[in-house]
Amino acid sequence: LILIRPLSSLFAKENLNRMSERQLNLYDRLINEPSNDWDIYYWATEAKPTPSEFDTDVMAMLREFAKNKKREQRLRQPDLEYLFEPPR
């Protein structure tokens with residue numbers, strides 16, 4: 001079972017440094033506005049439809065990431081060192 005915190009943290013580690021300012025704002029809104037993290041999980045895994053106000057290109061990226069096509073083990077949040085690494 002992939003829980004939302006590891007999912008969103010791993011997504012952030014892989015994608016934040018490539019996002020535009022607009023996408024960063026959308027991501028910030030997505031992770032801070034819904035009152036229930038499980039809603040984000042259900043939207044990302046397509047168990048429930050995403051409300052139109054959160055159905056953005058960032059949600060599409062998160063949905064694609066949640067498919068885990070590389071079959072990576074995603075059981076824990078990443079260490080935070082990546083926040084201090086220079087962008088690639």
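The values are calculated or read from the model by the stated rules, or taken from the named source; none is laboratory data. Just so it is clear, the model here is predicted, and its values are computed rather than measured. Neighbour counts run over all protein chains shown; Cβ positions are idealised from the backbone, glycine included. Heavy atoms of the whole protein, side chains included, go into the accessibility calculation; ligands, DNA and RNA do not. Shrake-Rupley method; radii C 1.70, N 1.55, O 1.52, S 1.80 Å.
Residue count for segment 49-64 satisfying the condition of being open to solvent by less than 80 Å² (accessible area, probe 1.4 Å) and polar (S, T, N, Q): 2. ASN25 is checked against (1) within 18 Å of LYS13 (Cβ to Cβ); (2) open to solvent by 50 Å² or more (accessible area, probe 1.4 Å); (3) not in a loop (DSSP other than H, G, I, E, B) and fails just one. What number does that condition carry? Exception for ASN25: condition (1).
Residues in segment 34-55 that are within 17 Å of LEU7 (Cβ to Cβ) and either in a helix (DSSP H, G or I) or free of Cβ contacts under 8 Å to residues at least 40 places away in the same chain (or both): 15 in all.
Among the residues of segment 33-45, just one is over 13 Å from LEU62 (Cβ atoms) and at pLDDT 90 or above, namely GLU33.
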